[in-house]
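Here is the structure we will look at, set down as structure tokens.
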Amino acid sequence: MTSDPMSATPAMSSYPIRFDVQYQENHSRLLLFVRWILAIPHFLILYALGSVASIITFIAFFAILFTKKYPRGLFDFVVNIHRWQANVNAYLGMLRDEYPPFSWDAGQYPITYEADYPETMARFAPLYKWLLAIPNIVVFFLFAIVAIVLWVVAWFAILFTGKFPKGIFDFLVKVHRWGLRLNAYVYLLTDTYPPFNGNP
């Protein structure tokens, strides 16, 4: 991992959605009990931004059908919302202790979330992507259940030792990466079908 405390090493991947989190050696026990409360302001903002992102996705649906392009400005806006959400999720998931910034700019938090802009998209893919994604979603759901169990184990590990077990951390980051790729595929940010794993 990079030594820069405000950035994570980008995952070396050919997949157009990249996500990574810098591992933190020591964690606060107190934050285990209050981080959800502290994140409430972010919840409110992200709820509003999520509504905007839904409208943009609706617009992008027709833009792709007629032009085979996701309007660049709208694409960047949605990617920025996803980055903000990824920051908050890393905080809530105990992957990082730093309070996330009220910003969607890259490099402001020790995670990586990047998406490559597709110059051309498959015209009719928005009509059937959700169907193709079903097998992937089913398998992801099974891994997500395991992730929840391990997250609980990590909660107690931090409570008693102040450390997040590295193996569990790596697994949770992979599941999170998988979920973000699925989300990006279903919500039209990429035509590239996500692999059945969360590997970099």
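The values are calculated or read from the model by the stated rules, or taken from the named source; none is laboratory data. Please read these numbers as outputs of a predicted model, since none were measured by experiment. All Cβ positions, even for glycine, are placed from backbone atoms using ideal geometry, and neighbour counts span all protein chains on display. These area figures cover heavy atoms from the full protein model, side chains too; ligands, DNA and RNA do not enter into them. Shrake-Rupley method; radii C 1.70, N 1.55, O 1.52, S 1.80 Å.
Just a few scattered comments:
- Two-site FRET efficiency, Val34 against Asn183, from Cβ-Cβ distance with R₀ of 22 Å, rounded to 0.05: 0.20
- Accessible area in square angstrom per residue, the chain, 1.4 angstrom probe: 50
- Modelled label positions at Ile55 and Phe77, each set 7 Å beyond Cα in the direction of Cβ, lie 0.8 nm from each other.
- Based on C-alpha pairs under 8 angstrom that are at least 6 apart in sequence, the chain has a relative contact order of 31 percent.
- Measuring r between the beta carbons of Ala48 and Asp170 and using R0 = 30 Å, the FRET efficiency lands at 0.35.
- Listed residues Ala154, Ala90, Ala48, most fluctuating in the chain (Gaussian network, C-alpha, under 10 Å): Ala48
- For the chain, the tally of Lys pairs with Cα-Cα distances below 29 Å comes to 5, considering only residues 8 or more apart or on different chains.
- Residue-span extension gain [Lys69 to Val146] - 0.36 nm each, minus C-alpha spacing: 24.0 nm
- Peptides ranked, highest mean first, by Cβ atoms within 10 Å: ranges 34-42, 178-186: 178-186, 34-42
- Computed over protein heavy atoms with a 1.4 Å probe, the carbon and sulfur contribution to the accessible area of the stretch 8-124 reaches 67%.
- In the stretch 105-192, the ratio of gyration radius to Kirkwood radius, Rg to Rh, stands at 1.08 when only Cα atoms are counted.
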